[in-house]
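Participant: Structure below; questions to follow.
The values are calculated or read from the model by the stated rules, or taken from the named source; none is laboratory data. If you're wondering where the values come from, they're calculated on a predicted model, not measured in any experiment. Quick reminder, even Gly has a Cβ in these numbers, built from the backbone with ideal geometry, and neighbours come from all protein chains shown. Side chains are part of the model used for accessible areas, which takes the heavy atoms of the whole protein and leaves out ligands, DNA and RNA. Shrake-Rupley method; radii C 1.70, N 1.55, O 1.52, S 1.80 Å.
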Amino acid sequence: MSRLTLQQAAQWCGGAVDPKYAQVSFLGANNDSREIQPGQLFVALSGNRDGHAFIPMAMQAGAAAVLCTHCPGDYPAIVAPNPRKALGDIARQLRLQMNMTVVGVTGSVGKSTTKEMLASVLERKYVTGRSPANHNNDIGLPMAILALPEDTQVAVLEMGMNHFGEMAYLTSIARPDMAVITNIGTMHIEHLGSRGGILKAKLEILQGLRPGGKLVLNGDEPMLWALREKYEATYFGMDNPQCQVRGRQIPTAAGGCAFLAATAAGEYPVILPVEGRHYICDALAALAAAECLGVGPADICQGLADYRSLAGRQEVFTAKGYEIIKDCYNAGPESMAAALEVLGSRPTRRIAVLGDMLELGSCTQAEHYRIGRIAAANCDMLFTLGKNGPRVVGGALTGGMRPDRATACDTPQDLAELLRSRAKPGDTLLFKGSRGMKMEQVLELFLAER
């Protein structure tokens with residue numbers, strides 16, 4: 001991480017510093033006093049709780065200084081009218097000072113997976129930094145930049161949004177040299193109106209693309225092909241033969257998947273340690289970006305083989321005799337369908353435990369019904385949680401599932417109890433839903449000692 005003085009950071013964000021603290025320096029930033037690391041800048045944000053109330057706690061935990069609107073004590077501090085904006089201003093200037101290539105990764109689904117796959121590949125050739133966990137918004141992205149090692153050669157930064165204007169702000173901070181768009185789906189359609197609106201919001205990333213910047217785009221999405229007229233674009237995909245980087249799934253052993261990649265560098269097989277066709281699409285995006293950055297097939301193959309799923313994203317493990325697929329981090333129609341297809345590949349009895357998909361707006365009813373039909377084709381039993389659960393069940397019944405095998409539950413406790421009475425050791429259970437549904441709590445209740 002780059003060590004910055006309060007004086008330098010204040011100049012970048014238009015803040016004020018008491019002269020006696022001007023040369024105090026910090027490494028990185030954090031807005032959670034419970035997670036602050038010694039030497040970091042504590043960012044006091046106002047939300048459901050006022051971060052200023054936690055300044056003493058953060059300083060006691062080892063924070064070097066505070067970024068705030070007012071300081072409730074004699075602490076090293078940068079005082080700025082809007083700490084959230086000031087954090088972005090500091091990160092923007094630091095990014096411009098660092099001699100590195102930035103890859104911005106966005107898309108409706110697959111952002112985190114593609115980011116991790118690409119970083120796993122790039123670190124075989126470059127000093128590589130990446131966004132931690134879900135640091136992809138107007139708070140997380142600046143903190144991710146401030147956490148990058150000084151000698152970073154390539155930074156892979158995830159960039160998310162759910163409203164117009166948010167991506168424009170993020171890209172003004174990250175200033176990517178390459179933009180990767182994994183797909184245009186239906187996540188956040190409630191706020192963006194249509195897939196066309198989602199496309200428009202995602203394409204705001206181009207506003208910060210540096211001169212001569214490259215695009216890596218999903219060529220199986222027709223809406224993205226018009227960009228080749230204005231930008232240097234590499235397209236990846238599995239269905240469109242016009243893509244420069246193409247993939248074709250090939251058989252492999254259980255517990256993973258494999259595909260044959262066809263690129264300008266030749267044709268070569270790639271093995272992934274995760275299951276599902278959707279992971280191949282993410283791997284193709286990472287592969288295409290890596291080739292554009294000069295990484296060869298051998299390093300690409302090894303980097304992708306080394307990829308490991310992030311916590312909460314298709315974690316597969318055995319507990320109390322059950323095979324558990326824990327995919328609770330988030331859910332939209334595309335990722336829900338992909339997870340159900342993975343469940344459908346299991347030779348055991350298959351049980352889907354599904355929570356609502358949020359932020360779908362006028363598409364909510366239709367998409368939950370459609371997912372129910374997909375569930376009917378991929379599982380033996382279905383249990384749901386949330387107000388849209390009956391709609392999922394309705395779709396499953398229309399898809400041919402017997403009524404005694406599909407149940408909508410009202411509470412996590414009811415769902416866990418029902419699962420305990422119906423599931424048997426040897427079954428495979430998929431737990432998935434939007435982040436707000438907290439489906440991991442259902443899993444914990446189900447596995448808890450009775």
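Participant: So which residues in region 144-161 are part of a helix (DSSP H, G or I) and under 23 Å from Ser309 (Cβ atoms)?
Facilitator: The initial filter retains those residues of region 144-161 that are part of a helix (DSSP H, G or I), namely 144-146.
Correct list: Ala144 only.
Participant: List the strands (runs of 3 or more DSSP E) that sit entirely inside region 263-379 and contain at least 2 residues that are open to solvent by less than 50 Å² (accessible area, probe 1.4 Å) and touching a residue at least 12 places away in the same chain (Cβ under 8 Å).
Facilitator: On the way: elements: 266-272, 315-319, 322-327, 350-355.
Here the list reads 266-272, 322-327, 350-355.
Participant: Is region 189-212 home to any residue that is surrounded by 16 or more Cβ atoms within 10 Å (Cβ to Cβ), among the small types (Gly, Ala, Ser), part of a strand (DSSP E or B) and out of contact with any Asp or Glu (no Cβ under 7 Å at 6 or more places or on another chain)?
Facilitator: The answer is no, given that none of the residues of region 189-212 is surrounded by 16 or more Cβ atoms within 10 Å (Cβ to Cβ), among the small types (Gly, Ala, Ser), part of a strand (DSSP E or B) and out of contact with any Asp or Glu (no Cβ under 7 Å at 6 or more places or on another chain).
Participant: Considering only residues that are without any contact (Cβ under 8 Å) to a residue 24 or more places away in the chain, assigned to a helix (DSSP H, G or I) and not polar (S, T, N, Q), look in region 1-42 and name the one that is farthest from Ile173 (Cα to Cα).
Facilitator: Looking at the filtered set, the residue picked out is Lys20.
Participant: Being of a type outside the set (Val, Ile, Thr), more than 23 Å from the chain's Cα centre (by Cα) and at pLDDT below 95 is the filter here; which residues of region 244-258 pass it?
Facilitator: Result: Arg248, Gln249, Pro251, Ala253, Ala254.
Participant: Would you point out the residue of region 82-96, among those that are more than 24 Å from the chain's Cα centre (by Cα) and in contact (Cβ under 8 Å) with a residue 60 or more places away in the chain, that is least open to solvent (accessible area, probe 1.4 Å)?
Facilitator: Looking only at region 82-96, we keep the residues that are more than 24 Å from the chain's Cα centre (by Cα), and these are 82-83, 86, 93, 96.
Now drop any that are not in contact (Cβ under 8 Å) with a residue 60 or more places away in the chain, which leaves 86, 93, 96.
On the way: Ala86: 3, Gln93: 67, Leu96: 78 Å².
So, considering only residues that are more than 24 Å from the chain's Cα centre (by Cα) and in contact (Cβ under 8 Å) with a residue 60 or more places away in the chain, the one least open to solvent (accessible area, probe 1.4 Å) is Ala86.
Participant: To continue, here is another question. Does region 362-377 include one or more residues that are small (Gly, Ala, Ser) and at pLDDT below 95?
Facilitator: Looking only at region 362-377, we keep the residues that are small (Gly, Ala, Ser), and these are 362, 366, 372, 375-377.
Next cut, at pLDDT below 95 only: 362, 366.
There is at least one residue in region 362-377 that is small (Gly, Ala, Ser) and at pLDDT below 95.
Participant: Would you confirm, using the coordinates I've provided, whether Asp380 is among the charged types (D, E, K, R), in contact with a helix residue (DSSP H, G or I) (Cβ under 7 Å, 6 or more places away or on another chain) and modelled with pLDDT of 95 or more? It would help to see each step written out before you state the result.
Facilitator: On the way: among the charged types (D, E, K, R): yes; in contact with a helix residue (DSSP H, G or I) (Cβ under 7 Å, 6 or more places away or on another chain): yes; modelled with pLDDT of 95 or more: yes.
Considered against the rule, which asks whether it is among the charged types (D, E, K, R), in contact with a helix residue (DSSP H, G or I) (Cβ under 7 Å, 6 or more places away or on another chain) and modelled with pLDDT of 95 or more, Asp380 comes out as yes.
Participant: Something else about it: Out of the residues in region 392-430 that are of a type in the set (Ser, Thr, Tyr) and open to solvent by 50 Å² or more (accessible area, probe 1.4 Å), state the one that is farthest from Phe446 (Cα to Cα). Write out each step before concluding.
Facilitator: Going residue by residue through region 392-430, those that are of a type in the set (Ser, Thr, Tyr) are 398, 407, 411, 421, 428.
Among the residues that remain, those that are also open to solvent by 50 Å² or more (accessible area, probe 1.4 Å) are: 398, 421.
Working: Thr398: 28, Ser421: 10 Å.
The residue in question is Thr398.
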